[in-house]
Amino acid sequence: AQSVTQPDIHITVSEGASLELRCNYSYGATPYLFWYVQSPGQGLQLLLKYFSGDTLVQGIKGFEAEFKRSQSSFNLRKPSVHWSDAAEYFCAVGAGGNTGKLIFGQGTTLQVKP
Amino acid sequence: GAVVSQHPSWVICKSGTSVKIECRSLDFQATTMFWYRQFPKQSLMLMATSNEGSKATYEQGVEKDKFLINHASLTLSTLTVTSAHPEDSSFYICSARRQDNTGELFFGEGSRLTVL
């Protein structure tokens, strides 16, 4: 069965420090992978996605993610975190390919210390 | 960018009443929309896939008679929570898939339902 695991429920980093949010997936074929960000009480905003091609994907707000098939991972990174990055981050895999149907991980809450 | 709007943003209702939540794609057509449910501090759980002009496809464990989905046009899907109970209180989020070769997906802002 398809699944997504985000091992870190909560992460705190200092402003200006680097960030890596982990995501592992379980999927039989080539996965369609996504990272979304959710601010409190808001909907989801797409940060980046991977469908095929270059395994290092650039997204909005200075985020990037690297697809590693051998590790079944799609970790999200940012070299320097800003206070406005504090939010909930969700990794997701497209169920059944690029159908629009997504399976989400449990989410990681990012707290940024001044 | 494309916009998906949900209405209402929040609603409070009495137990036993029905509540309708709308999901609209404002500047694109969407043959497929998805409804998710999110409990506080938890992930999004897919409830159903809404297909324009046909019946919705529900995920396992989701009561189709409880959560009525209608996708009457290419820009509107509605979720009706029938005979709502306090345990139905949740954040409901829709997403819409653009009807072109991009198939891009856009999420609404969510609708918070509180059942008293």
Exposure proxy check on A:54, A:8: fewest-to-most Cβ neighbours within 10 Å is A:54, A:8
In vacuo Debye sum over C-alpha of chain A, base-10 log of normalised intensity I(q)/I(0) at q = 0.10, 0.11, 0.13 Å⁻¹, listed in q order, is -0.26, -0.32, -0.44
Quick calc, the protein assembly as shown, dipole around Cα centre from Cβ unit charges on Lys, Arg (+) and Asp, Glu (-), nearest 20 debye, gives 180 debye
Here the percent of antiparallel bridges among DSSP beta bridges lying wholly in the stretch B:5-116, to the nearest 5, is 90 percent
Under the Karplus relation with 6.51, -1.76 and 1.60 and θ = phi - 60°, whole-Hz ³J(HN,Hα) for the stretch A:6-12, x at Gly and Pro, equal 10, x, 9, 6, 9, 9, 10
On the formula 1/(1 + (r/R0)^6), with r taken between the Cβ atoms of residue B:54 and residue A:113 and R0 of 35 Å, the FRET efficiency rounded to 0.05 is 0.10
Along the stretch B:5-22, Karplus-curve 3J(HN,Hα) (6.51, -1.76, 1.60; θ = phi - 60°) to the nearest Hz, with x for Gly and Pro, reads 10, 10, 8, x, 6, 8, 8, 10, 9, 8, 4, x, 8, 10, 10, 10, 10, 9
Karplus ³J(HN,Hα) for the stretch B:25-41 (6.51 cos²θ - 1.76 cosθ + 1.60, θ = phi - 60°; Hz, whole; x = Gly/Pro) runs 8, 7, 9, 7, 9, 10, 6, 10, 10, 10, 10, 10, 10, 10, 7, x, 6
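Where does the charge balance sit around residue B:10 when Lys and Arg score +1, Asp and Glu -1, over other residues with C-beta under 12 Å from its C-beta? Before the final figure, lay out each step's value.
Numbers: positive: B:112; negative: B:109.
In short, 0.
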Given the candidates B:11, A:13, A:83, the one whose Cα lies deepest towards the positive end of the charge dipole of the protein assembly as shown, counting +1 at each Lys or Arg C-beta and -1 at each Asp or Glu C-beta, is B:11
Any lysines whose Cα falls less than 18 Å from that of residue A:68, other than same-chain ones fewer than 8 residues away, would be A:49, A:78
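Residue A:72 to residue A:42: extension gain in nm, 0.36 nm per residue of separation minus the Cα-Cα distance?
Details: separation 30, 0.36 × 30 = 10.80 nm, distance 2.91 nm.
7.9 nm is the gain from fully extending residue A:72 to residue A:42.
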Cross-link reach from residue B:66 to aspartates and glutamates, straight Cα distance under 15 Å and at least 8 residues apart if same chain, gives B:87, B:88
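No lab work stands behind these numbers, since they all come straight from the coordinates. Bear in mind that the values here come from a model prediction, so they are computed numbers and not experimental data. Here the Cβ is made from the backbone with ideal geometry for all residues, glycine too, and neighbour counts use every protein chain on show.
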